[in-house]
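Here is the structure we will look at, set down as structure tokens.
Since every read-out is calculated from the coordinates, none of them should be taken as a lab result. Only a predicted model underlies this, so the values are computations on that prediction, with no experimental measurement involved.
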């Protein structure tokens, strides 16, 4: 499978827009999160020669502006897209999405989108400024093992991996990519998490967004060639 990084705070060159939040495109048709701003997202999709007509699904990790901010401009370009959310999303979000002809689907735990693509979450809550809200992650099952794509992981990145391993006990975790929410964690905590990744058999990592610069440096040092820099314009084969 192929993953394209279409929104992030870093990019491979100045032709791409950068901002807060993230967005990954899987197999040209499933978008995980949409970053903070629609015009920037659409610009990046165009620069990466993505055919918007092929996008049929959007998975929003959690109800925060920097993860669904780009959704509205995308829906204005193409109606009828399936948008996978969690039940707690505000009525304001749901009404706006439906007014733009989105097909809302609420996930509560584990949901299969296609033969080898799943979303899981909804019952592990992470702390946000406005309280505790759940998140969901995207899971790709490939010949190399599982790839987990995370939005923020405020509930704890290790809890996410543990939950996925329980759901897919016979599979290795080939890649963990996205927000790890370690931006305010001290070095000792990050080193413990990196070592836990290793013990849990996570082969490759790609921390970004709220992972924090210091955490990225530690992951890069410990993982070496198995560290994947995440920037707009990067294409990952899993």
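Assorted remarks:
- Against the chain, whose longest principal axis is taken from its Cα atoms, helix 187-199 shows a tilt of about 90°.
- Inter-centroid distance (Cα atoms) of the range 1-46 relative to the range 69-105, Å: 18
- Estimated at 0.36 nm per residue, the fully extended path between residue 73 and residue 53 surpasses their Cα-Cα distance by 5.8 nm.
- Comparing mean-square fluctuations of 208, 34, 108 from a GNM of the chain with C-alpha springs under 10 Å, the top value falls on 108.
- DSSP beta bridges in the range 1-122 [antiparallel fraction, %, rounded to 5]: 50
- Using alpha-carbon coordinates, inclination of helix 38-47 to the longest axis of the chain, degrees: 80
- Shape parameters for the range 1-130, alpha-carbon atoms, Rg then Dmax in Å: 14.1, 39
- Our summary gives the chain a relative contact order of 19 percent, counting only alpha carbon pairs under 8 angstrom and 6 or more residues apart.
- Helix axis angle, 213-223 relative to the chain longest principal axis, alpha carbon, degrees: 60
- Dimensions (Å) - the range 2-237, Cα atoms, principal axes, largest first: 46, 39, 38
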